[in-house]
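Visitor: Here it is, the structure in full.
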Amino acid sequence: MRIVSNNEIWKGFFSYEDEYSSLASFREVEFEINIFVNNHSFEGTAHDEESKKYFDEPVKVKGFFENNFISFVMKYPYTYFLNENDEIVVDKQVSHPDVNYYGEFDIHSKAYKGKWEITYIVEQFIDGDVEEIYSGNWELKKH
């Protein structure tokens, strides 16, 4: 069966641990993706409530569905992060690492739920790289 959709809007949230809090706490950030589905793959754009005012171009999304599984990559136009003073820092000279999302469809909530992961290369050496990996949870529902 071939599935083709002109346009789909999915809304939800992603969460991440607040590194600078003295207590173990998580931030939830609302986000939305606007995608074109062709068969089992999709692509489109996204925005989130935390970063949307810092970008003058959209976040790109590309992924696929396979049975109840979903996987997609979000590509931000350039680097941004939250510093120790709880402020967004933007660096337009540095490309943002891919954010990889993967998850499964939950039939009870009618939503996709899963984990996201991002890998930063901290230092590069001849015999390998030192990486930091950040991850969190996410959820999306079709609207």
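Visitor: The conditions are (1) among the acidic types (D, E); (2) surrounded by 12 or more Cβ atoms within 10 Å (Cβ to Cβ); (3) over 12 Å from the mean Cα position of the chain (by Cα), and D56 fails exactly one of them. Which is it?
Guide: So D56 meets the others, but not (2).
Visitor: For V130, are the conditions met, namely being more than 19 Å from G12 (Cβ to Cβ), hydrophobic (A, V, I, L, M, F, W, C), free of Cβ contacts under 8 Å to residues at least 60 places away in the same chain and assigned to a strand (DSSP E or B)? Break it down stepwise before answering.
Guide: Values: more than 19 Å from G12 (Cβ to Cβ): yes; hydrophobic (A, V, I, L, M, F, W, C): yes; free of Cβ contacts under 8 Å to residues at least 60 places away in the same chain: yes; assigned to a strand (DSSP E or B): yes.
Yes; evaluated as a whole, the condition is true for this residue.
Visitor: Here are the criteria: (1) surrounded by fewer than 15 Cβ atoms within 10 Å (Cβ to Cβ); (2) of a type in the set (S, T, N, Q); (3) over 19 Å from K142 (Cβ atoms). Tell me which single one N100 does not satisfy.
Guide: So N100 meets the others, but not (1).
Per-residue answers, yes or no, for (1) among the hydrophobic types (A, V, I, L, M, F, W, C); (2) more than 22 Å from S51 (Cβ to Cβ):
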residue: L82; (1), (2): yes, no
residue: Y102; (1), (2): no, no
residue: E123; (1), (2): no, yes
residue: Y134; (1), (2): no, no
residue: K141; (1), (2): no, no
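Every residue, every condition in (1) among the acidic types (D, E); (2) in a loop (DSSP other than H, G, I, E, B); (3) at pLDDT below 95; (4) touching an Asp or Glu at 6+ places or on another chain (Cβ under 9 Å), yes or no:
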residue: N6; (1), (2), (3), (4): no, no, yes, no
residue: E19; (1), (2), (3), (4): yes, yes, yes, yes
residue: L23; (1), (2), (3), (4): no, yes, yes, no
residue: E28; (1), (2), (3), (4): yes, no, yes, no
residue: I33; (1), (2), (3), (4): no, no, no, yes
residue: G44; (1), (2), (3), (4): no, no, no, yes
residue: G63; (1), (2), (3), (4): no, no, no, yes
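Visitor: Further, regarding this structure: Taking the stretch 85-103 on its own, how many of its residues are among the basic types (K, R) and either touching a Ser or Thr at 6+ places or on another chain (Cβ under 7 Å) or at pLDDT below 90 (or both)?
Guide: Summing the residues that are among the basic types (K, R) and either touching a Ser or Thr at 6+ places or on another chain (Cβ under 7 Å) or at pLDDT below 90 (or both) in the stretch 85-103 gives 0.
Visitor: Here is a follow-up. Pairs please, first residue from the stretch 60-74 and surrounded by fewer than 17 Cβ atoms within 10 Å (Cβ to Cβ), second anywhere and of a type in the set (D, E), Cβ atoms under 8 Å, 6+ apart in sequence or on different chains.
Guide: Note: pairs meeting the criteria are K60/E43; K62/E43; N68/E104; F69/E104; V73/D98.
Visitor: Quickly run through the stretch 83-123 and pick out the residues that are without any contact (Cβ under 8 Å) to a residue 24 or more places away in the chain, closer than 25 Å to D56 by Cα and part of a strand (DSSP E or B).
Guide: The answer is V89, D91, E117, I118, T119, Y120.
The values are calculated or read from the model by the stated rules, or taken from the named source; none is laboratory data. Quick caveat, the model's predicted, so the values are computed rather than measured. With ideal geometry, Cβ positions are generated from the backbone for all residues, glycine too; neighbour counts draw on all protein chains shown.
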